[in-house]
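The values are calculated or read from the model by the stated rules, or taken from the named source; none is laboratory data. Everything numeric in this text was worked out from a predicted model, so none of it was measured. Positions of Cβ are backbone-derived with ideal geometry, glycine not excepted, and every protein chain shown enters the neighbour counts. For the accessible areas, the whole protein counts, side chains as well, though only heavy atoms, and no ligand, DNA or RNA atoms are used. Shrake-Rupley method; radii C 1.70, N 1.55, O 1.52, S 1.80 Å.
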Amino acid sequence: RGCLRSGVRFGGVGAYRAATVALGSSAPGTSDEGEVWDRHAMEPVVHEFARNWGDIEIDLDRADGRAFVEAFVDTEPNRLDAAFRETLYQHTEGNPLFTIELLRGLQEWGALVRDEEGRWVAGPALHWRRLPARVEAVIAERLGRLPAACQRLLSVASVEGLEFTAEVLASVTGLGLSRVIYHLSETLGKQHRLVRPSRLLRRMPGGQTLSCYRFAHILFQRYAYDHVDEVARAHLHRLVAEALEGLRVEGATGAEVDAQDPAGPQQLARHWEAAGRFDKAAACLLQAGNRAGQLSAYGEAVQLLRQGLALVGRLPEGSERAQLQKQLLIGLARPLLPVQGWASAERAQLA
């Protein structure tokens, strides 16, 4: 920051966490609509600087995260390929703290090892699910400040996924939609900076609108999801699937339904499988596979229908399993022709 006093110009640079300033300085209150906070001492200072000198902030959250990942990985000799670097970026989104700690964690856990020339390479035990202790502590501190209602919302949101819908959260938690949107936009969004608005999804043909939000960072979603116990997680997946089914667009096919639609059959299949309802999950994959085939996405259709057949194999013997398996096999035969050709051994078995 620079200022001019008695003809002498002074300059300086300061750093602060925007999320900490937004939280204020006093303990949370017990208001039903969130917390009551005093203004942080930095807030009027930041506003005064902006009033006097305009836009003089550099927001590190908006810095080029990919460039940081590339630069930090290359601070030591390595043979880590583009796929590794892309995965590291996907897991950290270029956040400097998360990138540094996760890379160091991979080295400490033996997921990255040195080769004969002393260069870092991917080891046989490479995995990405574990979070470094320091990263967990940072996230735990931020989530631990939340009122109980907001913690519950984040748990349900983490089950729905990185992107989630206010309508589903309202259905599962029993809170009114307006209250859920308030918590997401104000308490969890502007104040705690844990989520952000994503999109308003207008779905055809009924014109229904879904209010979509997104976790501010993928590791927030992973932490919240991992801290829901196994039994509660399966229960929440079932409730989310039921809520999403209530939002499905009747009669919509083909291009009218986006594959990324939160209430689409692929998303429903994921939730039903996690809830242990393999019959419902396989039926959703049958629908998704047939639709992909209609759109000439034959490779995707084959993959979805094979996933459905794998789930059918986990069902008990009976007429329901036999009927679902038959439908999946019939559906699979169609896209296999353009994918594998007439001479395909798999297609010959289906015929």
In the set ALA301, ALA275, ALA281, ALA297, the lone residue that is under 21 Å from the mean Cα position of the chain (by Cα) and either at pLDDT below 95 or farther than 22 Å from LYS326 by Cβ (or both) is ALA275
Exactly one of LEU309, LEU295, LEU285, LEU305 is buried (at least 23 other Cβ atoms within 10 Å of the Cβ) and more than 27 Å from TYR213 (Cβ to Cβ), and that one is LEU305
If we ask which residues in the stretch 153-211 are open to solvent by 60 Å² or more (accessible area, probe 1.4 Å), within 21 Å of HIS237 (Cβ to Cβ) and of a type in the set (Asp, Glu), their number turns out to be 0
Checked against (1) in contact (Cβ under 8 Å) with a residue 12 or more places away in the chain; (2) part of a helix (DSSP H, G or I), PHE164 satisfies every condition except (2)
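Take the conditions of a type in the set (Asp, Glu), crowded, with 19+ Cβ neighbours inside 10 Å and assigned to a helix (DSSP H, G or I) and apply them to GLU141. Does it pass? Lay out the reasoning, then the answer.
Working: of a type in the set (Asp, Glu): yes; crowded, with 19+ Cβ neighbours inside 10 Å: no; assigned to a helix (DSSP H, G or I): yes.
Judged against the criteria, GLU141 is not a match.
Looking only at the stretch 111-136, which residues are small (Gly, Ala, Ser) and either open to solvent by 90 Å² or more (accessible area, probe 1.4 Å) or closer than 22 Å to HIS227 by Cα (or both)?
Scanning the stretch 111-136 gives a single hit, ALA133.
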When every residue in the stretch 61-81 that is within 27 Å of the chain's Cα centre (by Cα) and in a loop (DSSP other than H, G, I, E, B) is compared, the one modelled with the lowest pLDDT is ALA63
Over the stretch 66-82, the set of residues surrounded by 16 or more Cβ atoms within 10 Å (Cβ to Cβ) and touching a residue at least 40 places away in the same chain (Cβ under 8 Å) is ASN78, LEU80
